[in-house]
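Undergrad: After the structure tokens below, expect a handful of questions from me.
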Amino acid sequence: MNSFLQATNRILRIGLLAAVILTMSGRFAVSADKEAAPQIDPTTGMIIDDDWMIVMGMCSVCHSPKLFTEYGATRETWASLIEWMQKTQGLWQFDPATKDKILTYLAKNYPPGEASRRRNIPVSMRPPNPYVSAAKAEYEAKLKQGEIVAPQ
Ligand code: HEC
């Protein structure tokens with residue numbers, strides 16, 4: 001009888017231990033999932049994180065946010081990409097605090113890594129975009145000759 005009780009006791013303990021382990025591993029699995037799957041804003045497709053609305057406001061005026069949500073880069077490369085847009089694509093200047101927030105968000109949420117397409121050619125190696133400048137030249141020439149009127 002005594003050994004029967006001991007055996008039952010042991011089985012109960014093992015069962016309890018197993019239950020505790022299962023519960024805890026479940027908990028870990030849930031928290032790992034949470035880290036692996038960031039919240040995505042359904043409208044923009046952007047990862048919701050600190051200052052994401054600043055980035056949305058500054059970076060989705062001229063093109064779809066997809067251009068940067070499908071891009072991955074280090075903070076330095078993000079900075080040089082922004083500089084490239086400021087020099088050649090009409091992007092305005094940011095005050096240092098705003099620039100820091102944008103770069104922190106981008107580098108944290110869109111780091112270099114498994115991208116869905118090949119790595120981009122480094123900014124320093126890109127030729128100027130001939131289509132943008134040719135179209136602009138044509139537009140300005142027509143404007144000068146009065147063939148078209150600038151939009152009000
Ligand atoms: C004033 C307009 C404008 C704003 C605002 C702007 N961009 Fe761009 N961006 C462009 C243009 C123009 C291109 C070139 C698009 C193309 O080649 O089709 C571009 C291209 C890009 C690309 C693709 C580069 C590549 O090599 O394919 C990324 C990434 C990008 N922008 C990110 C951003 C981020 C991040 C911000 C906010 C800091 C931003 N853009 C704000 C005009 C802008």
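The values are calculated or read from the model by the stated rules, or taken from the named source; none is laboratory data. Everything numeric in this text was worked out from a predicted model, so none of it was measured. For neighbour counting, all protein chains shown are included, and Cβ atoms are generated from backbone atoms with ideal geometry for every residue, glycine included.
Yes or no, residue by residue, for (1) touching a residue at least 40 places away in the same chain (Cβ under 8 Å); (2) under 19 Å from PRO38 (Cα atoms):
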site	(1), (2)
PRO65	no, yes
GLU70	yes, yes
ARG75	no, no
ASP95	no, no
THR104	yes, yes
ALA107	no, yes
GLY113	yes, yes
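Undergrad: Still on this structure, please answer the following. List the number of the failed condition for PHE94; all other conditions in (1) within 18 Å of ILE47 (Cβ to Cβ); (2) near the ligand (Cβ under 8 Å from one of its atoms) hold.
TA: Single failed check for PHE94: (1).
Undergrad: Those residues that are touching a strand residue (DSSP E or B) at 6+ places or on another chain (Cβ under 9 Å) and over 30 Å from PRO127 (Cα atoms), I need them from region 36-95; list them, please. Steps first, please.
TA: Pass one, region 36-95, residues touching a strand residue (DSSP E or B) at 6+ places or on another chain (Cβ under 9 Å): 38-41, 46-48, 69.
Across region 36-95, the qualifying residues are PRO38, GLN39, ILE40, ASP41, ILE47, ILE48.
Undergrad: Continuing with this model, one more query. I'm checking my understanding of the structure. Among residues of region 37-84 that are part of a loop (DSSP other than H, G, I, E, B) and polar (S, T, N, Q), which one is nearest to the ligand (Cβ to nearest atom)? Steps first, answer last, please.
TA: So the first thing to find is which residues in region 37-84 are part of a loop (DSSP other than H, G, I, E, B), and the list is 37-39, 41-46, 48-51, 60-65, 70-74.
This time we only want the ones that are polar (S, T, N, Q), so: 39, 43-44, 60, 64, 74.
On the way: GLN39: 19, THR43: 17, THR44: 12, SER60: 8, SER64: 10, THR74: 13 Å.
Filtering region 37-84 for residues that are part of a loop (DSSP other than H, G, I, E, B) and polar (S, T, N, Q), the one nearest to the ligand (Cβ to nearest atom) comes out as SER60.
Undergrad: For region 101-119, what are the residues that are at pLDDT 75 or above and near the ligand (Cβ under 10 Å from one of its atoms)? Break it down stepwise before answering.
TA: Step one: list which residues in region 101-119 are at pLDDT 75 or above, which gives 101-113.
Answer for region 101-119, where residues must be at pLDDT 75 or above and near the ligand (Cβ under 10 Å from one of its atoms): ILE102, LEU103, TYR105, LEU106, TYR110.
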